[in-house]
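Just below is one structure, and these are the notes that go with it.
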Amino acid sequence: MEFSFDVDALLPERITVLDQHLRPPARRPGTTTPARVDLQQQIMTIVDELGKASAKAQHLPAPITSASRMQSNRHVMYVLKDTSARPAGKGAIIGFLKVGYKKLFVLDDREAHNEVEPLCILDFYIHESLQRHGHGRELFHYMLQKERVEPHQLAIDRPSQKLLKFLNKHYNLETTVPQVNNFVIFEGFFAHQHRPPAPSLRASRHSRAAAVDPTPPAPARKLPPKRAEGDIKPYSSSDREFLKVAVEPPWPLNRAPRRATPQAHPPPRSSSLGSSPERGPLRPFVPEQDLLRSLRLCPPHPTARLLLATDPGGSPAQRRRTSSLPRSEESRY
C-alpha cells in the first residue's frame, strides 16, 4: 500500500509498534526532520487507510481500526513495512496487526462462566497482492514474542475464514470452545494463567505508599448483634392507660376542686374535632331563698346612694313614711 509521503523515512524499522499516542518513532541519524505535527498526521493517515482496506477485505460495513479508535483505547498496532521494493522511492506498507487486552466472560469445557482478561486479536490485514508470502506469519510471530504469549492463550474477535485457516496451518489451532459472544478461543485456553496488562500509575503509587507506611489499618467497626424477634415486647393495652387520663385544662378552666385519684372509668369524650377541653364538676345549686337573703344583706353601691340622695322625691325615710299611709290618704295629695 503506497502513500504520497515517504513511508520509509517515517517508519525506520521493518515492524513499527504504535500505541494510543500515535507518536512517530525515533528517526535515523543524518535524515531531515520535518515538523512533529506533520509526522503524527502522516501516521494517522496510514492507520485510517489500513483500517479501510481491512474492512473492505472482510466485507465489514465500517472500519474497526482508525486513528480516533486508537487514541481512545489502549490498543497496540504492529505495522509491517516493505523494505525490498521502493516504488517511487517512498516505500510501502504490507499490512498490520492490532491487539489489546479486554475483560471477557467466556465459557469453558463445562459451560461455566469465567471472567478473564486475555490478549485479543482485534484486526489483522495483509495486502492482497502480498498474501501467501510469509508476511503474515512474520508479523504474527513478532507480536507473540513482543507480548510474551502463546497462540492458544489468545482470543480472536470475529475471525474470518482466512484467519482461522492461518492459525490452523501455522499454530495447529483447530478445536474451538463454543462461546456466546463474538470471540473465539481454542482448546488449551484455560491451561495457563493469562498475564494481565501492566498496572496503572495510580495502582503502583498506592502499592508503594502502602509499602512505605507501616501504620496498620483501622479496625473494622463491629455492629451490635441483632435482637431476635422473640425478644420484642408486644404493644399491650396496659401501655396505653396513660392516654385515658385527661390533661389538666389551662387557667381559668382548672378552678374546679381536683380529685385525689382519677376515676376508674372516666366519662367518654367527644371524638369530634374542636371539642372543648374537659372541665371539672359544676358548683352545687343554691336555693332561691338563700340567694335573696344574700342580696338583702349586701350593702348598697356608692353610686346607688348618690342617686337616692339626688332624687326629688325626698329622702328614703320620707318615702318609707309616705308609703306607710293608707291608700285613701295618699289620693288626697
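Total residues in segment 134-179 satisfying the condition of being of a type in the set (Asp, Glu) and touching a helix residue (DSSP H, G or I) at 6+ places or on another chain (Cβ under 8 Å): the figure is 2. Among residues belonging to segment 74-90 that are closer than 29 Å to PRO159 by Cα and assigned to a loop (DSSP other than H, G, I, E, B), point out the one that is modelled with the lowest pLDDT. Applying the filter and picking the extreme gives THR83. Within segment 33-67, restricting attention to residues that are hydrophobic (A, V, I, L, M, F, W, C) and not in a helix (DSSP H, G or I), the residue that is modelled with the lowest pLDDT is ALA35. Can you find a residue that is within 16 Å of TYR101 (Cα to Cα), in contact (Cβ under 8 Å) with a residue 60 or more places away in the chain and open to solvent by 30 Å² or more (accessible area, probe 1.4 Å) anywhere in segment 147-154? No: segment 147-154 contains no residue that is within 16 Å of TYR101 (Cα to Cα), in contact (Cβ under 8 Å) with a residue 60 or more places away in the chain and open to solvent by 30 Å² or more (accessible area, probe 1.4 Å).
So, in segment 62-94, of the ones that are free of Cβ contacts under 8 Å to residues at least 40 places away in the same chain and of a type in the set (S, T, N, Q), which residue ends up surrounded by the most Cβ atoms within 10 Å (Cβ to Cβ)? Among those residues, the one meeting the criterion is SER66. A count restricted to segment 95-126 and to residues that are in contact with an Asp or Glu (Cβ under 9 Å, 6 or more places away or on another chain) and either open to solvent by 20 Å² or more (accessible area, probe 1.4 Å) or of a type in the set (Gly, Ala, Ser) (or both) stands at 6. On the stretch given as segment 155-175, residues that are exposed (fewer than 14 other Cβ atoms within 10 Å of the Cβ) and on the phi > 0 side of the Ramachandran plot total 1.
Considering segment 97-117 alone, what residues qualify as being over 26 Å from LYS52 (Cα atoms) and either under 29 Å from the mean Cα position of the chain (by Cα) or of a type in the set (Gly, Ala, Ser) (or both)? Correct list: LYS103, LEU104, PHE105, VAL106, ALA112, HIS113, ASN114, GLU115, VAL116, GLU117. Pairs are defined by a Cβ separation below 8 Å, a sequence spacing of at least 6 or placement on different chains, a first member in segment 176-187 that is open to solvent by 50 Å² or more (accessible area, probe 1.4 Å), and a second member that is part of a loop (DSSP other than H, G, I, E, B) and hydroxyl-bearing (Ser, Thr, Tyr); the pairs so defined are GLU187/THR175.
The values are calculated or read from the model by the stated rules, or taken from the named source; none is laboratory data. Quick caveat: nothing in here was measured; it's all calculated off a predicted structure. When we count neighbours, we look across all protein chains shown, and the Cβ atoms used for this are built from the backbone with ideal geometry, even at glycine. The protein model used for the area step is the full one, side chains on, heavy atoms only, and it has no ligands, DNA or RNA in it. Shrake-Rupley method; radii C 1.70, N 1.55, O 1.52, S 1.80 Å.
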